[in-house]
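J.: Here it is, the structure in full.
The values are calculated or read from the model by the stated rules, or taken from the named source; none is laboratory data. Keep in mind it's a predicted model, so treat the numbers as computed, not measured. Backbone-built Cβ (ideal geometry, glycine too); neighbour counts: all protein chains shown. What goes into the accessible areas is simple: the full protein's heavy atoms, side chains included, and nothing from ligands, DNA or RNA. Shrake-Rupley method; radii C 1.70, N 1.55, O 1.52, S 1.80 Å.
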Amino acid sequence: MHIMLNDRLIELNSAITISQLFDHLKLNASGIAIAINQIIIPREDWNHHYINHQDKILLFQAIAGG
């Protein structure tokens, strides 16, 4: 299956959750927000939200301000 991750084509062997994607890519999820197909996915959903073929995923640094 193929996904776009920050405009980069990634091939995955099977369906995985967001948390598994971070493990697969060896990424630290601290301070990171994720949007799939332009919808921000809350961190509490990462363990059970599955990534689908041709999803467009954006990872970005969450910044708090005031």
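J.: Where does the chain land at 222 nm, in deg cm²/dmol rounded to the nearest 500, when only DSSP H runs of n ≥ 4 count, each adding -39500 (n - 2.57), divided by all residues?
T.: The per-residue figure over the chain is -2500 deg cm²/dmol.
J.: Let me ask you something else. Roll a 1.4 angstrom probe over the protein heavy atoms and tell me the percent of accessible area of region 1-64 that is carbon or sulfur. Working shown, then result.
T.: Working: 2300 of 4470 Å².
Result for region 1-64: 51 percent of the exposed heavy-atom area is carbon or sulfur.
J.: Efficiency by 1/(1 + (r/R0)^6): what FRET value for residue 9 and residue 44, r their Cβ-Cβ distance, R0 = 30 Å, to the nearest 0.05?
T.: Computed FRET efficiency for residue 9 and residue 44 comes out at 0.55.
J.: With a 1.4 Å probe and every protein chain left in place, work out the accessible area per residue of the chain in Å², rounded to a whole number.
T.: Result: 71 Å² of accessible area for each residue.
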